[in-house]
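K.L.:
Next up is a structure, given as structure tokens.
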Amino acid sequence: MTTLHRVEYAHQRKMRERNTNIYRAAHWPIWIFVFFLAPGPLIFDLFAGRGNRWNILWLVVVLIGTGIAALRGRLPGAEPGPYILRFTEDRPNPVYRRICYTFGWNAALNFAFMNLLGLIIAVATGHWYMQQIYAHVYTPVLALIVLMGAVGVLPRVGRSTKGEGWERRYFYGTVWAVTLAQTVLLILWRTLPRSHAADVTEIVVYCVVLLAVGLAAAVGLLPRTRPILPGELIVAD
């Protein structure tokens with residue numbers, strides 16, 4: 001994402017000093033979804049039609065935990081006012097933002113990788129092993145992502161907010177690419193007959209969508225994927 005065709009300048013954007021109640025409430029479901037997805041094997045059972053009381057219990061825990069955090073202004077976007085006003089300002093990145101975006105990265109990357117790995121194995125062997133993949137691969141990947149978040153390697157998860165004007169585009173670009181690619185993959189999975197040709201089609205289309213959307217994000221064609229260059233006060237969502 002180094003070749004830039006479109007940028008934004010901070011002084012050209014309207015500054016927001018307070019978040020409305022509607023704006024704050026609209027961010028709560030996002031973080032419910034992010035943390036609900038964290039126990040990957042449990043979520044796999046749910047989507048495989050084997051949901052049980054543990055899914056309900058985990059949802060209740062997530063609702064309570066994120067609800068309390070939202071009311072206290074400890075979820076990104078649910079704060080009374082935006083935390084970041086200057087994109088080049090070297091401010092401490094609050095712990096709650098680092099935790100939330102770490103698990104946001106997990107929701108974006110881990111499931112996309114599980115699907116890609118499942119497709120590769122299915123094309124190579126002619127068999128699907130998604131349950132085994134989630135049982136044995138998901139948790140180590142989650143641990144790696146959490147470790148990367150803890151040491152501040154991931155964008156938006158560092159100890160400082162100084163690079164926010166650039167780092168936000170990596171996060172949103174990834175979300176765009178993964179969301180669209182997995183949506184298309186789900187449609188293909190539901191509509192194509194189960195065959196080797198279908199598996200090949202799915203992996204090709206999946207990779208093409210990931211690449212195409214990633215390139216669109218790299219040149220700033222998608223919302224929130226343009227780098228914001230320093231200038232006047234400006235808000236980061």
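K.L.:
Measure nothing fancy, just the Cα-based angle from helix 53-71's long axis to the longest principal axis of the chain, in degrees from 0 to 90, nearest 10.
P.N.:
10 degrees
K.L.:
Place a +1 charge on the Cβ of each Lys and Arg in the chain and a -1 charge on the Cβ of each Asp and Glu, then give the dipole magnitude about the Cα centre in debye, rounded to the nearest 20.
P.N.:
So the magnitude is around 540 debye.
K.L.:
Ok, one more. Check which residues have an amide H placed less than 5 Å from L229's amide H, if you skip close sequence neighbours.
P.N.:
Long-range HN contacts for L229: E8, Y9, A10.
K.L.:
Using only the alpha-carbon atoms, how far is helix 95-125 inclined from the longest principal axis of the chain? Give it as 0 to 90 degrees, nearest 10.
P.N.:
Approximately 20 degrees, to the nearest 10.
K.L.:
On a 0 to 90° scale, report how tilted helix 164-191 is relative to the longest principal axis of the chain, with both axes built from alpha carbons and the result rounded to the nearest 10.
P.N.:
30 degrees
K.L.:
Contact order normalised by length for the chain, with contacts defined as Cα pairs under 8 Å and 6 or more residues apart; what percent is it?
P.N.:
After rounding, I find 34 percent.
K.L.:
I would also like to ask the following. Hey, what's the per residue convex hull volume over the C-alpha atoms of the chain, in cubic angstrom?
P.N.:
133 Å³
K.L.:
Where does each of 23-30, 106-113 land if you order them by average Cβ count within 10 Å, highest first?
P.N.:
106-113, 23-30
K.L.:
Apply 1/(1 + (r/R0)^6) to the Cβ-Cβ distance of C207 and R50, taking R0 = 25 Å, and write down the FRET efficiency to the nearest 0.05.
P.N.:
Computed FRET efficiency for C207 and R50: 0.30.
K.L.:
I need the peptides 46-56, 94-104 ranked by packing, meaning the mean over residues of other C-beta atoms within 10 angstrom, with the highest value on top.
P.N.:
Result, highest mean Cβ count within 10 Å first: 94-104, 46-56.
Bear in mind these aren't lab numbers, they're just calculated from the coordinates by the rules spelled out. Predicted, not measured: the structure shown is a model, and the values here were computed from it. So basically every Cβ, Gly included, is an ideal-geometry build from the backbone, and we count neighbours across all protein chains shown.
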